1. Residue check, Ser2 against (1) at pLDDT 90 or above; (2) loosely packed, with under 15 Cβ neighbours inside 10 Å, all met but one. Which one?
2. Test Gly56 against the criterion of being at pLDDT below 95, at positive phi and either touching a Phe, Trp or Tyr at 6+ places or on another chain (Cβ under 6 Å) or surrounded by fewer than 16 Cβ atoms within 10 Å (Cβ to Cβ) (or both), and give yes or no.
3. Across the stretch 5-22, what is the total count of residues that are surrounded by 12 or more Cβ atoms within 10 Å (Cβ to Cβ), under 16 Å from Gln59 (Cβ atoms) and among the small types (Gly, Ala, Ser)?
4. Can you tell me which residues in the stretch 23-36 are under 10 Å from the mean Cα position of the chain (by Cα) and either surrounded by fewer than 12 Cβ atoms within 10 Å (Cβ to Cβ) or not in a helix (DSSP H, G or I) (or both)?
5. Hey, can you tell me all the residues within the stretch 50-74 that are in contact with a helix residue (DSSP H, G or I) (Cβ under 9 Å, 6 or more places away or on another chain) and assigned to a loop (DSSP other than H, G, I, E, B)?
6. Given the conditions (1) part of a loop (DSSP other than H, G, I, E, B); (2) surrounded by 18 or more Cβ atoms within 10 Å (Cβ to Cβ), and given that Asp39 satisfies all but one, which numbered condition is not satisfied?
7. Of all residues in the stretch 8-22, count the ones that are assigned to a helix (DSSP H, G or I) and over 14 Å from Gly67 (Cα atoms).
Amino acid sequence: MSFQAYLDNIQTKTGKGPDDFRKLADEKGLMAGGKLRADVKAGQVIEWLKADFGLGHGQAIVALLKGTKKEGDA
């Protein structure tokens with residue numbers, strides 16, 4: 001499955017797109033300079049995504065917030 005397909009599935013499940021997750025993560029204090037803060041561990045983000053959105057592993061959103069992947073990536 002492509003990265004974009006993961007994002008599409010997450011949006012279908014949650015009604016939230018990449019920009020929504022970036023904004024929510026920023027509001028939670030997880031972001032700095034438009035990317036996930038260096039001291040924030042992937043596990044923290046995954047627990048948030050599970051608790052608030054019922055998502056499984058959530059690595060696609062972690063990669064998005066870290067800036068290692070972008071919308072449209074294969």
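The values are calculated or read from the model by the stated rules, or taken from the named source; none is laboratory data. Computed from a prediction, not measured in an experiment: that's the story for all the values here. Glycine gets a Cβ as well: all are built from the backbone with ideal geometry, and neighbour counts include every protein chain shown.
1. Going through the list (1) at pLDDT 90 or above; (2) loosely packed, with under 15 Cβ neighbours inside 10 Å, Ser2 breaks only (1).
2. Details: at pLDDT below 95: yes; at positive phi: no; either touching a Phe, Trp or Tyr at 6+ places or on another chain (Cβ under 6 Å) or surrounded by fewer than 16 Cβ atoms within 10 Å (Cβ to Cβ) (or both): yes.
Answer is no for this residue.
3. Counting residues in the stretch 5-22 that are surrounded by 12 or more Cβ atoms within 10 Å (Cβ to Cβ), under 16 Å from Gln59 (Cβ atoms) and among the small types (Gly, Ala, Ser) gives 0.
4. Residue satisfying the conditions is Leu36 alone.
5. Residues satisfying the conditions are Gly54, Leu55, Gly56, His57, Gly58, Thr68, Lys69, Lys70, Glu71, Gly72, Asp73, Ala74.
6. Going through (1) part of a loop (DSSP other than H, G, I, E, B); (2) surrounded by 18 or more Cβ atoms within 10 Å (Cβ to Cβ) one by one, Asp39 breaks only (2).
7. Here is the first cut: in the stretch 8-22, the ones assigned to a helix (DSSP H, G or I) are 8-14, 18-22.
Still in the list and also over 14 Å from Gly67 (Cα atoms): 8-14, 20.
Residues in the stretch 8-22 being assigned to a helix (DSSP H, G or I) and over 14 Å from Gly67 (Cα atoms): 8 in total.
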